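The values are calculated or read from the model by the stated rules, or taken from the named source; none is laboratory data. Every value quoted in this text rests on a predicted model; they were computed, and no experiment measured them. Cβ placement follows ideal geometry from the backbone for every residue including glycine, while neighbour counts extend to all protein chains displayed. What goes into the accessible areas is simple: the full protein's heavy atoms, side chains included, and nothing from ligands, DNA or RNA. Shrake-Rupley method; radii C 1.70, N 1.55, O 1.52, S 1.80 Å.
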Amino acid sequence: MRAGLGGKKLGGRYTLNEIRGNPSSLDPVRMNSKVEDDIGTNIFDKLVENNSKLELVPELAKTWDISSDGMTYTFHLRTDVSFHDDSCFASGKGRKMIASDVKYSFERVCNPKTLTSGYWVFQDIVQGANNYFEGKATDVSGFQVADDSTFVVHLTKPFAPFLEHLTTSFGYIVPREAVERYGKDFFQHPVGTGAFRFVHWLPDQEILLKRNPNYWEYDSSGNRLPLLDEVKFTLIKDDKTLLQAFLQSNEDEDFTIPTESFQDVVTSGKELTQQYAKYTLQHVSAMNSYFMEFLCTKPPFDNIALRRAMSFAVDRESIVKYVLKNAPHSIADHGIIPPAFAHYPIEEVHGITFNPDSAKHWLEVAGFPAGHGVPAITLSVYNEPRPMQIAEAVQRMWQNIGLNVTLQVMQSAQLFDGSEDGKLGLWLTRWYADYPEPENFLNLLNGRLVPKSGNDKSYPNSARWNSEPFNDLFYQAIATTDETKRSELYAKAENIAAFEAPSIPLFYEEHYRLLQSYVRDNPLDPMNRIDLKYVWLDK
């Protein structure tokens, strides 16, 4: 360790785990999970970012201007930013990042040839994005390079959450040289401008990042960021094994306290028990909801009454209390938007709650009295302890109304791909907010993002649910700059979804994280953002 300014200590390795296992891709345009964003946040930078208080702050853009009509955004870029040193550059030394890199990166998000998962970020929002995606134009006309340090975006209409869209992984900036050098392998050899540079990825073992010595940012004490020398992401898939690794000091944090151990570690007052008192506990109401989704375009789940019946049959309170030992924040008795958004009128959203009589009634309305005649139902679930515990409990609840449901256990990457490709009928999932705006959750139900062909990938609306009354309210909301009015429109839209039940909300999450006592400046926010450039180890 080295002495730094402000009494901080520099250097060392920080080790943390990704319990979902291997990411599918470290190419920003193909990132569609929390695992990938956790790692990507430390390799790449964006024009704008959310800080630990989830406030919008500058990153690669020093400042920006928004036109009076809300349709033109002008970003004034930093001129002291370089890409990571890498052999993709002629000299092996990373070159300066300029506005044309922003245009290149954003156009990759709109290019179907990249297998992009992020087209929705710009679809119908940025001028020319749709034409480019459909092969009708050679570039996105709404992305303009004024000069090396000025990038301009023209929207098709006012879109209040636009800056928040740019804080997603699809806002990461990449160099053309790396994409062209590594080709199809760029997904496992990322190059960015972030605080850490990629070193290696050993599947099922670890992903190692090292300090970027040329990073542009300094902390408030005058230390050049990042303060750590290395970051190691381990890929332990069992939460009990992970807890033991933490207790043996092989991990610097443990984000997933096993359900079976939760009450041994955390008291009812959300403090550490005496046995674990030497560690640091962080907890916060999360922008994270657990729910099940139906494929709404094919039998049997194109039947609203069947979806409602299955939702009424789920005893969410029992799941939270007995299966999950009261670890979640609360049951999801409203919609999929969690109560972590201070200005969202969640009480105005009337969700489906446990009612066996209503479940049997809607099953009869669906044409399947007492479950007779229902086609085979499979619930797909990814192979993590918590989802498995939930799925097994729900499976038993559905048996109570005459539905025999088979569980299909999959790796998380397979489940995401299968749901987006329309190959699964029913699956258990969760959604972490990509940015702190309710629109991010409701966009999962945005019917205007559903592709015309059932064979095309549908993201983020994997349920392929499409309701024009919902769509109209949703699009009215995102064009409304007044936050209170926008939230009221969101709630009206969510009530439509709550009735038609394209998903079954289960519970709203509470984040808990154990830290070793020497970890400093690593706050836990409602999105559980993994931004490690400020972290230091007081060893």
What are the residue pairs meeting all of these: first residue in segment 68-86, first residue under 20 Å from Tyr218 (Cβ atoms) and open to solvent by less than 70 Å² (accessible area, probe 1.4 Å), second residue in a strand (DSSP E or B) and of a type in the set (Gly, Ala, Ser), Cβ atoms under 7 Å, and 6 or more apart or on different chains?
-> His76/Ala61; Leu77/Ala61
Is it true that Asn383 is open to solvent by 60 Å² or more (accessible area, probe 1.4 Å), touching a helix residue (DSSP H, G or I) at 6+ places or on another chain (Cβ under 9 Å) and closer than 25 Å to Gln414 by Cα?
-> yes
Would you mind listing the strands (runs of 3 or more DSSP E) fully within segment 134-234 where at least 3 residues are within 24 Å of Ser82 (Cα to Cα), in contact with a Leu (Cβ under 8 Å, 6 or more places away or on another chain) and open to solvent by 40 Å² or more (accessible area, probe 1.4 Å)?
-> 196-202
Kindly indicate whether Phe262 is within 23 Å of the chain's Cα centre (by Cα) and hydrophobic (A, V, I, L, M, F, W, C).
-> no
Condition broken by Arg108, with the remaining ones in (1) in contact with a helix residue (DSSP H, G or I) (Cβ under 7 Å, 6 or more places away or on another chain); (2) open to solvent by less than 40 Å² (accessible area, probe 1.4 Å); (3) farther than 26 Å from Lys210 by Cβ satisfied | (3)
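Within the group Pro387, Pro438, Pro375, which residue is within 19 Å of Gly21 (Cβ to Cβ), of a type outside the set (Lys, Arg) and in contact (Cβ under 8 Å) with a residue 24 or more places away in the chain?
Among Pro387, Pro438, Pro375, only Pro387 is within 19 Å of Gly21 (Cβ to Cβ), of a type outside the set (Lys, Arg) and in contact (Cβ under 8 Å) with a residue 24 or more places away in the chain.
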Search segment 443-464 for residues being among the basic types (Lys, Arg) and at pLDDT below 95, and hand back the single one that is most open to solvent (accessible area, probe 1.4 Å).
-> Lys452
Of all the residues that make up segment 314-359, how many are outside any loop (DSSP other than H, G, I, E, B) and not acidic (Asp, Glu)?
-> 13
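Okay, residues lined up against (1) open to solvent by less than 10 Å² (accessible area, probe 1.4 Å); (2) in contact (Cβ under 8 Å) with a residue 12 or more places away in the chain:
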site: Lys237; (1), (2): no, yes
site: Leu243; (1), (2): yes, yes
site: Leu247; (1), (2): no, no
site: Gln274; (1), (2): no, no
site: Leu281; (1), (2): no, yes
site: Ala309; (1), (2): yes, yes
site: Ala313; (1), (2): yes, yes
Evaluate segment 121-133: report whether one residue or more is open to solvent by 10 Å² or more (accessible area, probe 1.4 Å), more than 19 Å from Pro190 (Cβ to Cβ), touching a residue at least 40 places away in the same chain (Cβ under 8 Å) and outside any loop (DSSP other than H, G, I, E, B).
-> no
Please indicate, with yes or no, whether at least one residue in segment 208-221 is within 25 Å of the chain's Cα centre (by Cα) and of a type in the set (Ser, Thr, Tyr).
-> no
Which ones in segment 16-36 are of a type in the set (Val, Ile, Thr) and either surrounded by fewer than 20 Cβ atoms within 10 Å (Cβ to Cβ) or modelled with pLDDT under 95 (or both)?
-> Ile19, Val35
Among the strands (runs of 3 or more DSSP E) contained in segment 1-97, which hold 3 or more residues that are over 20 Å from the mean Cα position of the chain (by Cα)?
-> 13-17, 61-66, 72-77
Would you confirm whether any residue within segment 394-411 is within 20 Å of Ile257 (Cα to Cα) and open to solvent by 10 Å² or more (accessible area, probe 1.4 Å)?
-> no
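Of the residues Asp421, Asp357, which is under 30 Å from Ile125 (Cα atoms), open to solvent by 30 Å² or more (accessible area, probe 1.4 Å) and either out of contact with any strand residue (DSSP E or B) (no Cβ under 9 Å at 6 or more places or on another chain) or modelled with pLDDT of 95 or more (or both)?
Result of the check over Asp421, Asp357: Asp421.
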Checking Ala463 against (1) in contact with a Pro (Cβ under 7 Å, 6 or more places away or on another chain); (2) among the small types (Gly, Ala, Ser); (3) assigned to a helix (DSSP H, G or I), which single condition isn't satisfied?
-> (3)
Specify which of the listed residues (Lys485, Lys539) is surrounded by fewer than 19 Cβ atoms within 10 Å (Cβ to Cβ) and modelled with pLDDT under 95.
-> Lys539
